[in-house]
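Comments concern the structure below.
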Amino acid sequence: MQVLNTKNELISLISGLKNKGKVIGFVPTMGALHEGHLSLVKESKKNSDVTVVSIFVNPTQFNDPEDLKRYPRTLDKDVELLGTVGCDIVFAPSVVEIYPEPDTRKFDFGYIESVMEGAKRPGHFNGVGQVVSRLFDIVRPDKAFFGMKDFQQIAIIRSMVKQLKYTVEIIPCPIIREESGLARSSRNTLLDEEHKKNAPHIYATLKKAASLVSEKNVEEMKKWIADEINSNPFLETEYVEIVDEETLQITKDWNEPGKKVACVAVYAGKIRLIDNIVF
Ligand code: PAF
């Protein structure tokens, strides 16, 4: 496994691999790797010849400076973990390497950035678009793998790919959960013991909700989910939304065509967690 820090090294390595006809799989991450990331690497290995993982805590996607400051950084451990799953290339650039000058591009993601994470975290998806497009320009992947915990992010990346005419295939991968049901997230390491013990109530609620679809209309269901999560004194719901899996349009009635996804953002103390379930 090669660990590279500069884009020029990576660009020349990738160009040699592409000349040999290798299919490049790419897993962009912000580090603090867990089983969820490793499952993306395994998926990439199944579907490509060479797997590149980037580790870069992207400042432009943090709308809260405190959140950026406390985001976990565990590079040595990450590199070690990636070695255990057969990653081929790790790209761990500095901020100046990715942004030699500030990125002033403003993406227009239209409706999909006006709801849920887009509404609650202004500028977040613009930053995601900026960094992922920069990384795509360097890695030039044939396939890129993203976890479905960040369900809305996948729609944003698809839109960015279309706007900038990349040919990369975006491959969504299932949410990986801890034994307790808590969705794996780098932020879980920031939870104190009490919040860690109570955070699994989020997914337990979503699962129970899935079994109640025939008993409640959409509005009743959203209220029930929020009330049920908030009944745990360690958790506070920021939003509950039920949206169409493809368009992210807000569901008004279960009879609308297409699969429905219930999405939540919940504060466990100071730590903001997101999760979702397909009904
Ligand atoms: O999902 C993430 O970890 C980040 O948003 C990503 C895609 C690596 C961009 O920084």
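Bear in mind that the values in this text are calculations on the coordinates, not laboratory data. Since we're looking at a predicted model, the values are computed, not measured. No Cβ is skipped: glycine too gets one built from the backbone with ideal geometry, and neighbour counts run over all protein chains shown.
Taking segment 210-228 as the region of interest, how many residues are among the basic types (Lys, Arg) and surrounded by 14 or more Cβ atoms within 10 Å (Cβ to Cβ)?
2
From (1) over 19 Å from the mean Cα position of the chain (by Cα); (2) more than 19 Å from Phe56 (Cα to Cα); (3) within 13 Å of the ligand (Cβ to nearest atom), pick out the condition that doesn't hold for Arg158.
Every condition holds for Arg158 apart from (1).
What's the total number of residues in segment 183-209 that are closer than 17 Å to Ile274 by Cβ and out of contact with any helix residue (DSSP H, G or I) (no Cβ under 8 Å at 6 or more places or on another chain)?
The total comes to 10.
Please go through (1) in contact with an Asp or Glu (Cβ under 8 Å, 6 or more places away or on another chain); (2) over 28 Å from Pro100 (Cβ atoms); (3) within 9 Å of the ligand (Cβ to nearest atom) for Gln152 and return the number of the only condition it doesn't satisfy.
Condition (3) is where Gln152 drops out.
Quick one: which helices (runs of 4 or more DSSP H) lie wholly within segment 1-97 and hold at least 2 residues that are within 16 Å of the ligand (Cβ to nearest atom), within 16 Å of the chain's Cα centre (by Cα) and buried (at least 18 other Cβ atoms within 10 Å of the Cβ)?
35-47
Can you find a residue that is touching a strand residue (DSSP E or B) at 6+ places or on another chain (Cβ under 9 Å), on the phi < 0 side of the Ramachandran plot, within 12 Å of the ligand (Cβ to nearest atom) and in a loop (DSSP other than H, G, I, E, B) anywhere in segment 185-206?
Yes, the conditions are met somewhere in segment 185-206.
So which residues in segment 198-229 are among the acidic types (Asp, Glu) and farther than 21 Å from Leu182 by Cβ?
Correct list: Glu215, Glu219, Glu220.
Could you identify the single residue in Gly31, Gly83, Gly21 that is on the phi > 0 side of the Ramachandran plot and in contact (Cβ under 8 Å) with a residue 24 or more places away in the chain?
Gly31
I'd like the residue in segment 120-149 that is more than 14 Å from the ligand (Cβ to nearest atom) and in contact (Cβ under 8 Å) with a residue 60 or more places away in the chain and, out of all such residues, is surrounded by the fewest Cβ atoms within 10 Å (Cβ to Cβ).
Lys120
Within segment 250-260, can one find any residue that is touching a residue at least 40 places away in the same chain (Cβ under 8 Å) and touching a strand residue (DSSP E or B) at 6+ places or on another chain (Cβ under 8 Å)?
Checked segment 250-260: at least one residue is touching a residue at least 40 places away in the same chain (Cβ under 8 Å) and touching a strand residue (DSSP E or B) at 6+ places or on another chain (Cβ under 8 Å).
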